[in-house]
Each structure stands twice: as structure tokens, then as C-alpha cells.
Amino acid sequence: MELLKNFFKPVDMTEGAPWKKIVLFTLPMLVGNIAQQLYNTVDSVVVGNYVGDNALAAVGSAGPILNLLIVLFVGISVGAGIMVSQYFGARNREELSKTIGNCITLTGIATLFVMVAASLVARPLLEILNTPESIIDWCHSYLLIMFIGCVGLAFYNILSGVLRGLGDSMSALLYLLVSTILNIILDVVFVAVLGMGVSGVALATVIAQAVSALLCLIRLMRMQSIFDLKPQYLRLEKKNSMNIIRLGLPSGITQAIFSMAMIVVQSLTNSFGEMFIAANVIVMRVDGFAMMPNFSFGTALTTYAGQNVGARNMERVGSGAKQGTLIAAGTSAVLTSVILLFGKALMGIFTKTPELVELSRDLMGILAVGYIAMAVTQSLSGIMRGAGDTMTPMWISIATTILIRVPIAYGIAYATRSAELPNGRQECIYISLLISWMFGALITFIFYKRGKWKEKAV
């Protein structure tokens, strides 16, 4: 019993070998991120096999809009994680309690806003993007259910971020695994048994996310030895709430701009027809798994940097950054090799259409080497964010997305137009993404080496 308690005990990353602490913290989070990716993947597999390729395209087309309108949660989550990790590292119980309480209140306010505003603009956005008539109704019903039920998504992301900031990545993993299994069961019941189609997939996701959020809240309420979760700490306090917003806003803006760019590119994607839209969905689902090590190590290094900056140990931050980035890049290289070797089998999980499998595999091959570059970007950006510098990663993301990816995508499409290809070559979507990832890694490395991020601690 004691061993089990130690397994779920918050991890102090200010002591011990940096690489070991980072890896031990990352592993459960990596499994958790893979489980979270299963939400979208299972949705796609179920609708692709039980409803059809058009339903698969509908779920994928709704994705960029869904991501755009949940940026408030992304911002609060990042700001909360940074502050929680720094106050935890500094052993400041009072400020830690206020920060967590303010996070819960801010999340509630953001949730109400998204439920109302996003539900109203979903259909107009789909029409602006020239979503094909054959899938627009499915897209709209999917988005409507997701936005109305976004409370689970919001609170799971924020509360699991708080748990990770406290060094507890195991609890977040356990609760996510429970909700993932529930999501899979409900997907099959709602779609395969009850025939609810795309709406059934959305409803299953909403219910499963609500369960995971509730479990996270219960876990936090049992961590009274570290902080206090009392009514007075739920009252918004200017200093703490503004710090959360200040630190989280750049990440929220980054996500918003990235999502807007995805929407702009989605318009180009839609011009290539339902077959390419469906292939794009399949690739992005596999891409989600390929990105998991990068995001996991990036988040782990944010917590690592936050705790050590709070403990005023900058030399240890540098050691962890080097070791963590090398491990992340190596992990990404191995996983990418596996995806390339078994690409056709992976794509075949989503559809039985041979042409769709071949197209998806070819598109995935374009992105392969870019995942190693993204390992560098996510790891070093995680260090900078953990230290309190969320602005630099934001500007780098904006530059690579707006100034590189979107212009290159449309430029290649325009330059390759012909009688056979009136909209240009569809590979432009993936070539532009690869180029933006490579430039992003280079620019991030340069700014990390400059060291200005060391001056930004809370």
C-alpha cells in the first residue's frame, strides 16, 4: 500500500539526476497523451468503418474549428502549470492555494463563454470554409455537441495541468485511461449499436471527458498536505489571476493563431475534395501519435524548469534542458521509423478504401523527418515556458505559421496548377508544414542559446 502511495506522490524535480526525473515524469504523461489521442482516433475509426468515408471527413473538418474555440482553456492551463510548478518548487503554500483556486474559477468563466459563443459561430465558420454540402450537417452536429458539453474538456485539461505542475503525472494518466476506455465503449454503443452516427461520437467524447475531469477534482481535494482548496481561494484575486493570464495568454494566442492557420489551410484542403479531406484526417490522427513524445517531453520540461527556477537552481535547468532534448529527439526518431515501416497497416485501420490508404501513407512520408525537428522545438520551448518566458515561443510559432507555412502552402498550390490539377498539387499542405517545422527548430534553438528566458521567472 505504501509503495502505491509513493507511486502517486508528487515528484520533486529539484533533486536527483535530471534525465531520470524527466523520463520518470514523462513516461506516465506520454501514456496519458497517447490515451487522449485515442479519443480522436477511436472516433475516426468508428465513423470510418461504421458510417463511411464522408463521416470520417466530417469529423476531421470540424477539428480546426474545435481547436480554435478552446484556446481559452489552453491559455489557462499553461499559465496554471507554470505558476503551480514554480510555487511548488519554492514551497509557497499560500500562493499555491490561491493559484489553484483562481484556475478553477477562471475555467468556469471561460467554459460559459465558449458554450454560448462557439455554438453560435460554428455553422457560419463551416460555410466560410466552403465545407462540402455532403458533410456540413454532420460537421455542425458534431461541433454543437462538443461545445455545449465542453465543461469536461475544459476542467480535465486545467486540473490535469495543475496535477502535473505539482509533479503528479500518474493520477492524470490513471483518470485519462479510465475515460478513454469509457469513450471507446460509448463510441461503439452509440454508433455501431444505436446508429447515432457522428453525433454519437461527439456525445461519447463529452461524457468520457466529464468523468476524467471529476476524477481530477476529487484527487486535488485529497492533496491537502500540499495546498488548501477552500472557498476563499476560489475568489478571483487580481495578482494571481493576472499572472495566470499573463503567462498563459501567449500560449493561448499561439494556439489561436495556429488554429486560424489550420482553418485557412483547411479551406485549401477542402478544395481538393472529399477523398483528400478523408486522407488528411487519417494522417493527422497518426500524426497525433507521432507528436506525443514531443508534447510529453515539452510539458515535462516545463514542469522541470518551473520547479528548479522556483528553487533558484538555474544550472540544473540547463542540464535538464540538454538531457531532455536529446532523449526527446531520440524517442521521436524511433517512433517515426516505426510509423514509416508500418504506415500502410496503420492507415488501413481507418478505412478499407485502397486509394485512401495509399494516399495517406504517401502524405505521411513527407512529414517524417519533421518530427525530430519538433522534438527540439517542443523541448526547448518547454524550458522557456517553465522559466516564465511564454512570449518567445509564441512569436516563433506565429512566425513559422503565418510567415512560412501558409504562404508556402498556397504558393506551391498556385505554382503547380494545371489543366489536370486546377487547384494545384495537394502535397503542398504537407511540404509547407515540414518546412515550417524545420525553421521552427532552428529559430527556437537560437533563442534558447541567447538565454533571455532566464530573466522571466514569476
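The values are calculated or read from the model by the stated rules, or taken from the named source; none is laboratory data. Predicted, not measured: the structure shown is a model, and the values here were computed from it. Note: ideal-geometry Cβ built from the backbone for every residue, glycine included; neighbour counts use all protein chains shown. What goes into the accessible areas is simple: the full protein's heavy atoms, side chains included, and nothing from ligands, DNA or RNA. Shrake-Rupley method; radii C 1.70, N 1.55, O 1.52, S 1.80 Å.
Numbers for the structure displayed
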{"quantity": "The stretch 197-258 - percent of accessible surface contributed by carbon and sulfur, probe 1.4 Å", "calculated": "67"}
{"quantity": "Relative contact order, percent, the chain [alpha-carbon distance under 8 Å, six or more residues apart]", "calculated": "23"}
{"quantity": "The stretch 92-169: relative contact order in percent, alpha carbon pairs under 8 Å with at least 6 residues between", "calculated": "41"}
{"quantity": "Between the stretch 280-311 and the stretch 97-161, the Cα center-to-center distance that results, in Å", "calculated": "22"}
{"quantity": "Anchor LYS20: aspartates and glutamates whose Cα lies under 15 Å away (excluding residues fewer than 8 positions away in-chain)", "calculated": "ASP12"}
{"quantity": "Accessible surface of the stretch 321-440 [probe 1.4 Å, protein heavy atoms]: carbon and sulfur percent", "calculated": "71"}
{"quantity": "Trypsin sites (Lys or Arg not before Pro) lying in DSSP loop within the stretch 325-372, provided at most 15 other Cβ fall within 10 Å", "calculated": "LYS352"}
{"quantity": "Euclidean distance of C-alpha centroids, the stretch 350-414 and the stretch 222-242, integer Å", "calculated": "37"}
{"quantity": "Kyte-Doolittle at least 1.0, axis length at least 18 Å by Cα - qualifying DSSP helices, the chain", "calculated": "71-89, 133-148, 150-165, 169-187, 197-221, 428-450"}
{"quantity": "Rounded accessible area of PHE190 (nearest 10 Å², 1.4 Å probe)", "calculated": "30"}
{"quantity": "Extension reserve of the ILE109-ASN130 stretch, reckoned as 0.36 nm per residue once the Cα distance is removed", "calculated": "4.4 nm"}
{"quantity": "Shape category assigned to the stretch 213-332 from the gyration tensor of Cα positions, a/c cut at 1.5", "calculated": "prolate"}
{"quantity": "Gain in span if fully extended, LEU24 to LEU229, counting 0.36 nm per residue against the direct Cα distance", "calculated": "71.1 nm"}
{"quantity": "Listed residues TYR430, TYR448 arranged by accessible area, highest first, probe 1.4 Å", "calculated": "TYR448, TYR430"}
